[in-house]
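Each reported figure results from applying straightforward, stated rules to the coordinates on display, with no laboratory input. Just so we're clear, the structure is a prediction, and the values are computed from it rather than from any experiment. Glycine also receives a Cβ, built like all others from the backbone with ideal geometry; neighbour counts cover every protein chain displayed.
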Amino acid sequence: MNGPETKDERCMKEAGVQEIFKRSPHNPIIQARDIPYPANSVFNAGATLLRGETLLLMRVEDRRGISHFTAARSKDGVSDWRIDPAPTLAPDPMQHPEEVWGIEDPRVTRIEELDAWAVLYTAYSRGGPLVSLATTRDFVSFERKGVVMPPEDKDAALFPVRFGGRWAMLHRPVTAFQDVGAHIWISFSPDMKHWGDHQILLPARKGAWWDANKIGLSPPPLETPEGWLILYHGVRSTASGCIYRLGLALLDLEDPRRVVMRSDEWVFGPQEPYETVGDVDKVVFPCGWIVQGDTVRLYYGAADRCIALATADLCDMLDWLKAHHDTDRRAWP
Ligand code: BMA
């Protein structure tokens, strides 16, 4: 699945930067022209395995600027995508006024206990982006559960299991107080509908850091023998716009409110032309990853325009995190 190193990947290696993720030589793997109906862009897809195939629940932005979800299926997760001929899940502003400006950035979690998948997504309401939940058994029909977090809130995903009988969600609320920053929170629920016990889990750093002021969860938490692996995005604000890069953290397996490790450096960032130039430049934005054996396949939106794939070895990710573990928590406000 991995191709030869790109020129940038080779230069980084020569400079001593350890690149854990390898980009697919087929990147970008899905673009707007692959969608069987008119679309502006396709990006930020949730990912899972369904009947042995890779399924992506993709955010497709239409030519009005409103997003919906369309499913794509592939045997190898790289090529020969079979894409639904029409939107798989479209916004439904009549029944759900909070979806008036579209639905975005789905994160898909397989819930064995329910024999179903939970999809947390951003609904773009008149009051701002908020978090909604739907469940599905086949990615053909969906049952909307409605709003689970009021605006402004996004970048949400469920853990696949309960903790002490309660479901847990990671999400990223934003308050009107810009200078307090936007952090990753954890919340709990007895039924997936009523959420409470909210607390900040991972704060954005401050100052010049790559993840200063604004961070958010990327794909759903991944269970590993060493803890829940978290991939999150940091939004660095610069004079020429934002740069979206990714870092790693590890949460305690039994008590996910406990952050065991957090990387100091970013582990992946925009580099290739399809990541640096698009509708929004310099963005890598994964909403899904799939583990098979020891290989992690990371599906990410690139520059808010197309979908790309990078793979990594799970052991390498954990080793990298240990080597880049930021022990000085004073930098985390
Ligand atoms: C975030 C989300 C993503 C988007 C990213 C970069 O706030 O809205 O959907 O990919 O910005 O524009």
| field | Label-to-label distance, nm, for residues given as ASP115 and ARG257 (7 Å Cα→Cβ offset) | value | 3.4
| said: Could you tell me the calculated FRET efficiency between ASP8 and GLU53, based on Cβ-Cβ distance and R0 = 25 angstrom, to the nearest 0.05? | reply: 0.20
| field | Relative contact order computed over segment 257-333 (Cα-Cα under 8 Å; 6+ residues apart), in percent | value | 30
| remark: For GLY65, the net charge from surrounding residues (Cβ-Cβ under 12 Å; K, R +1; D, E -1) works out to -3
| task | Divide, for segment 1-110, the radius of gyration over alpha carbons by 2.2 N^0.38 Å, where N is the residue count. | result | 1.28
| message | On alpha carbon coordinates alone, what is the Rg over Rh value for segment 182-333, Rh being the Kirkwood radius? | response | 0.96
| said: Springs between alpha-carbon pairs under 10 angstrom, Gaussian network model over the chain: which of ARG172, ARG144, ARG297 fluctuates most? | reply: ARG144
| request: Output the antiparallel fraction of DSSP beta bridges having both residues in segment 268-333, as a percent to the nearest 5. | output: 100
| request: Compare the peptides 215-227, 173-185 by average per-residue count of other Cβ atoms within 10 angstrom and give them in order, highest first. | output: 215-227, 173-185
| query | What is the distance in Å between the Cα centres of segment 125-174 and segment 22-47? | reply | 24
| said: For the pair CYS242/ARG330, report the inter-label distance in nm, with labels modelled 7 Å from Cα in the Cβ direction. | reply: 3.0
| said: Restricting to Cα pairs below 8 Å that are 6+ residues apart, what does the relative contact order work out to for the chain? Please round to a whole percent. | reply: 16
| query | Taking a label point 7 Å from the Cα of MET94 along the Cα→Cβ vector, which residues of segment 125-142 have an amide N closer than 19 Å to it? | reply | 141-142
| task | Grab the other residues whose beta carbon is less than 9 angstrom from that of PHE285, score K and R as +1, D and E as -1, and report the net. | result | -2
| remark: Counting all Cα-Cα pairs in the chain, those more than 37 Å apart amount in percent to 10
| message | I want the local charge near ALA249. Using Cβ-Cβ distances under 10 Å, sum +1 for each Lys or Arg and -1 for each Asp or Glu among the other residues. | response | 0
| note | In deg cm²/dmol, rounded to the nearest 500, the helical mean residue ellipticity at 222 nm of the chain, built from -39500 (n - 2.57) for every DSSP H run of length 4 or more, is -1500 deg cm²/dmol
| request: Return a whole-number percent for the relative contact order of segment 108-214, with Cα pairs under 8 Å and 6 or more residues apart as the contact set. | output: 17
